[in-house]
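Below you'll find the structure, written out as structure tokens, and then a few comments.
The values are calculated or read from the model by the stated rules, or taken from the named source; none is laboratory data. It should be emphasised that the depicted structure is a prediction, and the values quoted were computed from it without experimental measurement. Counting neighbours? That spans all protein chains shown, and the Cβs are built from the backbone with ideal geometry, glycine included. Heavy atoms of the whole protein, side chains included, go into the accessibility calculation; ligands, DNA and RNA do not. Shrake-Rupley method; radii C 1.70, N 1.55, O 1.52, S 1.80 Å.
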Amino acid sequence: MGGSSEQKVVAVILTHNRLEGAIMRCEEVTRQTRPPDDIVLVDNGSARGIAEQITSRFPQVSVVRLPENLGPAGGFAVGFSEAMRRGCDFVWAIDDDTVVSARCLEALLADAETAPRSVIFPSRLPHHEKHGVAWRAMLVPADVVRSVGVPRADLFWHLEDTEYFIHRIRDVAGYRLIISPKAVVWHGTHRPRKGFPGWKLYYQTRNSIFYRFRLKRSWWRRLLTLLRVAGRLVVIFAREERGPAKAWLMVRGVADGLRGRMGKTVDPQSEPPSTLAGSSPDTREREEAEEAFRRWDADSETRETMLRLWMNDLERQTGA
């Protein structure tokens with residue numbers, strides 16, 4: 001492969017009803033020290049106005065507006081397909097709640113040169129969190145996408161990232177997952193939640209059961225998944241707002257996961273908003289992130305320690 005300047009990178013930003021987050025991500029991506037060659041923003045069934053404002057503020061950003069919310073699974077499936085249609089060498093996949101440092105893409109491409117057949121993840125701050133495979137600005141070679149396909153749209157929400165990166169890309173196709181120490185993103189805790197909506201409980205349950213019983217073969221992990229679901233179902237039923245209704249959705253999730261009934265089978269809009277839902281994003285989040293980026297760049301000892309821990313997290317990760 002040639003130098004990083006010769007590689008065509010298509011950035012895919014996914015957003016759903018978060019105008020502020022979409023604007024911030026477009027600003028961060030367009031101001032990269034090594035900007036992507038194309039930027040595609042997938043508007044995942046948002047309320048009217050987001051696509052128009054992005055197009056007005058960022059004429060270099062191509063907006064793909066979906067008529068309905070297809071979840072992160074469907075949204076990134078569309079985004080990856082569009083990136084591949086444009087003849088890219090890499091897909092750079094970014095969710096709308098991830099703050100991206102200015103040198104992130106430059107550092108990811110530098111690591112990609114020395115690590116062929118690899119998906120490169122940026123280091124995630126705050127660094128006390130485990131380093132999973134959620135959609136936080138990872139760089140995916142087009143060769144990988146051609147080999148394994150795009151994310152599974154029929155998972156809708158939850159475990160679509162694990163199925164793609166851990167199961168299909170790493171375990172089945174044999175590509176490596178590595179973490180870049182110098183490419184940095186921030187994914188804070190700006191959406192606190194005391195309760196959990198029923199539709200998310202449904203998809204968590206359904207996809208966990210599907211993943212373990214349809215894709216994996218470990219019987220003891222299947223048993224562990226069933227025990228976890230059963231324990232959580234009891235707690236939800238007894239303690240959560242609208243507990244019985246949410247517990248019933250979890251039961252449906254078990255049944256649908258076992259029989260492989262996938263797709264968007266429960267509409268998030270069908271459930272009344274929770275009175276326990278979290279607050280809106282913190283407007284100071286970018287300032288927080290930029291200060292964390294500066295500390296990270298200056299502290300090589302912490303970088304090395306956390307990188308070892310995070311790589312162990314990735315190697316042990318098997319899914320729900």
Checking the condition of a type in the set (Lys, Arg) and surrounded by 17 or more Cβ atoms within 10 Å (Cβ to Cβ), which residue from Arg206, Arg221 passes? Arg206
Within the stretch 258-288, restricting to residues that are at pLDDT 95 or above and aliphatic (A, V, I, L, M), the one that is surrounded by the most Cβ atoms within 10 Å (Cβ to Cβ) is Val266
Here is a check on your reading of the model: is Ser123 at pLDDT 95 or above, of a type in the set (Ser, Thr, Tyr) and open to solvent by 20 Å² or more (accessible area, probe 1.4 Å)? no
Here are Ser81, Ser118, Ser147: which of them is free of Cβ contacts under 8 Å to residues at least 60 places away in the same chain and surrounded by fewer than 24 Cβ atoms within 10 Å (Cβ to Cβ)? Ser147
Scanning for something more than 21 Å from the chain's Cα centre (by Cα), modelled with pLDDT under 95 and not in a loop (DSSP other than H, G, I, E, B), does the stretch 27-49 turn up at least one residue? no
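Condition check ((1) among the hydroxyl-bearing types (Ser, Thr, Tyr); (2) surrounded by fewer than 18 Cβ atoms within 10 Å (Cβ to Cβ); (3) touching a Cys at 6+ places or on another chain (Cβ under 8 Å); (4) over 28 Å from Val266 (Cα atoms)) across all residues:
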position	(1), (2), (3), (4)
Lys8	no, yes, yes, yes
Asn17	no, yes, no, no
Ala22	no, no, no, no
Pro36	no, no, no, yes
Ile50	no, no, no, no
Thr55	yes, yes, no, yes
Asn69	no, no, no, no
Pro72	no, no, no, no
Gly75	no, no, no, no
What's the number of the condition Ser62 fails, among (1) of a type in the set (Gly, Ala, Ser); (2) in contact (Cβ under 8 Å) with a residue 60 or more places away in the chain; (3) surrounded by fewer than 23 Cβ atoms within 10 Å (Cβ to Cβ)? (2)
Report the residue count in the stretch 132-144 for those that are within 18 Å of Arg316 (Cβ to Cβ) and open to solvent by 10 Å² or more (accessible area, probe 1.4 Å). 2
